[in-house]
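The values are calculated or read from the model by the stated rules, or taken from the named source; none is laboratory data. No experiment lies behind these values; they were computed from the predicted model shown. Positions of Cβ are backbone-derived with ideal geometry, glycine not excepted, and every protein chain shown enters the neighbour counts. Heads up: the accessible areas ignore ligands, DNA and RNA and are worked out on the full protein's heavy atoms, side chains in. Shrake-Rupley method; radii C 1.70, N 1.55, O 1.52, S 1.80 Å.
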Amino acid sequence: MAKSMSQSFQSAVLRWIVRVCAFLSAAVIAGIVCYVLYMGVPNLSPEMFAGKYTSDNASLFPALINTLTVTFLTLLIAAPAGIGAAIYLAEYAKRGNRFVRVIRITAETLSGIPSIVYGLFGLLFFVTALHWQFSLLAGCCTLAIMILPVIMRTTEEALLAVPDTYREASFGLGAGKLRTVFRIVLPSAVPGIVNGIVLSTGRIVGETAALLYTAGTVARIPETVMGSGRTLAVHLYSLWSEGLRTEQAYATAVILLVVVIILNVISTRLEKLTKGRSING
């Protein structure tokens, strides 16, 4: 009886600790969001969405377009490479292979490297060695290297989570390895793959240090990807570091917050859609 009461007390204590931690986490996030909205929404103005940046309007429109461009090009480079590498590691490489373990450890190590280190690498390799100068392409390639481990690891875990009975049933019906992977395994792992891509997208949108050394801080929309330009995060950093346009910096933070929320909503919709299709399929 006493042992049962002790276990019930411990369970109640742990339950309340979890609730308090969840409440504190939600309160911190809500506080940050409310503070950004309170400081930024009153400073939003039509001039901030002008097509061209000037010292008078501090327009964020060029930075918004550059953000969308960088996000699209980075995912275009990193997503196929990361998904392809994950397919090889999960489906074709022998399980327990030492080479596979080395790749996994390397990917996990690269995921923890500070972004400024990637920025310095991009500066030395893409900007200086390849003579790309400060350009969106140099920034995209640097960000692609930075998010590649995230996409690769999340995709691999999603593929490994697919039951082996799916593969065995496909092989039993006479399907080959390639058809099994792309018609059975990969569609079942799409929700997890989408989550990894969305996490990477959020990191791209909020990245500053790596782009300062590669894409530059020019407040304009470049004519080509070989031109320099700033993203929303870099635009926010530039305005705040100058110390002269803190109001516009808060307004930019609101737009950046809205972009992240929209990406999260889209990811949730895509995840539900892909789950429904995989179940129906």
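In nm, to one decimal, how far is the Trp16 label point from the Val33 one, both placed 7 Å along Cα→Cβ?
Distance between the two pseudo-spin positions: 2.8 nm.
In the chain, carbon and sulfur make up what percent of the accessible area (probe 1.4 Å)?
Percent of accessible area from carbon and sulfur atoms in the chain: 69.
For the range 254-270, in order, what is each residue's ³J(HN,Hα) by Karplus, 6.51 cos²θ - 1.76 cosθ + 1.60 with θ = phi - 60°, in whole Hz (x at glycine and Pro)?
Karplus values, whole Hz, x for Gly and Pro: 5, 5, 5, 5, 5, 4, 5, 5, 4, 4, 5, 5, 4, 5, 5, 5, 5.
Convex hull over the Cα atoms of the range 106-241, averaged projected area in nm²?
10.2
Not counting ligands, DNA or RNA, and with a 1.4 Å probe, what is Met226's accessible surface area in Å² rounded to the nearest 10?
The accessible area comes out at roughly 80 Å².
Taking every pair of Cα atoms in the range 42-136, average 1/r, invert it to obtain the Kirkwood radius, and report Rg/Rh to two decimals.
1.16
What full-extension length gain, to one decimal in nm, is calculated for Gln133 and Ser45 as 0.36 nm per residue of separation minus the Cα-Cα distance?
28.3 nm
How much length, in nm to one decimal, is gained on full extension between Glu223 and Val258, taken as 0.36 nm per residue of separation minus their Cα-Cα distance?
The Glu223-Val258 span can extend by a further 10.0 nm.
May I ask you to evaluate 6.51 cos²θ - 1.76 cosθ + 1.60, the Karplus curve with θ = phi - 60°, for each residue of the range 224-241 and list the ³J(HN,Hα) values in order in whole Hz, giving x for glycine and proline?
With coefficients 6.51, -1.76 and 1.60, one gets 9, 6, 8, x, 8, x, 10, 8, 4, 5, 5, 4, 4, 4, 5, 5, 6, 5 Hz.
Top to bottom by accessible area (1.4 Å), largest first, where do His235, His131 land?
His131, His235
What accessible area per residue comes out for the chain, rounded to a whole number of Å², with a 1.4 Å probe?
Computed with neighbouring chains in place, this is 56 Å² per residue.
Which ³J(HN,Hα) values, rounded to whole Hz and listed in residue order, are derived for the range 166-173 from phi using the Karplus coefficients 6.51, -1.76 and 1.60 in 6.51 cos²θ - 1.76 cosθ + 1.60 with θ = phi - 60°, glycine and proline given as x?
My calculation for the range 166-173 gives 4, 5, 5, 5, 5, 5, x, 8 Hz in order.
Run the simple label-point estimate for Phe125 and Ile105 please: 7 Å along Cα→C-beta, distance reported in nm.
The answer from the label model is 2.1 nm.
Please report, in Å, the Rg and the Dmax of the chain, where both are computed over Cα atoms only.
23.0, 77
Mind checking which of Thr224, Ser135, Leu199 is farthest towards the positive end of the chain's charge dipole, using Cβ charges of +1 (Lys, Arg) and -1 (Asp, Glu) about the Cα centre?
Toward the positive end, the furthest listed residue is Leu199.
Taking only the Cα atoms of the range 67-108, how large is their convex hull per residue, in Å³?
That works out to 66 Å³ per residue.
Amide H to amide H under 5 Å from Glu207: which residues, 5+ apart in sequence or cross-chain, H placed 1.01 Å off N in plane?
When sequence neighbours closer than 5 places are left aside, there are no close amide H contacts.
Quote to one decimal, in nm, the extra length available between Arg203 and Ala26 on full extension: 0.36 nm per residue of separation minus the C-alpha distance between them.
61.7 nm
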